[in-house]
Amino acid sequence: MTANDYRKNAPKMAKQDLRKHERIKHQANIQVSAETEVYTFEMRDFSESGLYLFCSDTRFIKLQQRVRVQTLEFEGAPILDAKVVRLEDNVGFAIEFI
C-alpha cells in the first residue's frame with residue numbers, strides 16, 4: 001500500500017481520541033537513522049510527542065527500537081532521539097520522541 005492509497009482509504013478516527021497531543025497533518029521527508037542504516041520516509045503527521053512515517057516495507061522496523069530522526073525540509077534541522085511505539089505492517093510506523 002502506498003502513502004496515497006492509505007490517504008484515500010484511511011479509517012476515520014474514533015470519536016474518542018486518547019492521544020496526549022493533537023496531530024498535525026504535514027508531508028515532509030524525514031531521515032531516520034537506525035543502528036548503522038539511514039533511511040528516508042514520508043511523514044504523514046506529527047505532534048509535540050512524535051510523528052508517523054509511511055513505510056511500505058516494515059520488516060526492518062522493530063517495536064521499541066531506538067532511532068534518530070531529522071526533517072529534511074531545511075538545512076541544520078535538529079536530530080532527535082526517538083523510539084518506535086506502533087507498527088502497521090507495510091503501511092508505516094509511529095515514533096515517540098525521547
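A few notes on this one:
- THR40 passes every criterion in (1) at pLDDT 95 or above; (2) surrounded by 15 or more Cβ atoms within 10 Å (Cβ to Cβ); (3) of a type in the set (Ser, Thr, Tyr) apart from (2).
- Checklist (1) buried (at least 16 other Cβ atoms within 10 Å of the Cβ); (2) at pLDDT below 95; (3) closer than 20 Å to ILE98 by Cα; (4) of a type in the set (A, V, I, L, M, F, W, C) applied to ALA3, failing item: (3)
- The stretch 63-98, residues that are surrounded by 13 or more Cβ atoms within 10 Å (Cβ to Cβ) and either touching a Phe, Trp or Tyr at 6+ places or on another chain (Cβ under 6 Å) or not in a strand (DSSP E or B) (or both): GLN65, ALA77, LEU80, ALA82, VAL84, LEU87, VAL91, GLY92, ALA94
The values are calculated or read from the model by the stated rules, or taken from the named source; none is laboratory data. Note that the structure is predicted; figures quoted are calculated from it, not measured. Glycine gets a Cβ as well: all are built from the backbone with ideal geometry, and neighbour counts include every protein chain shown.
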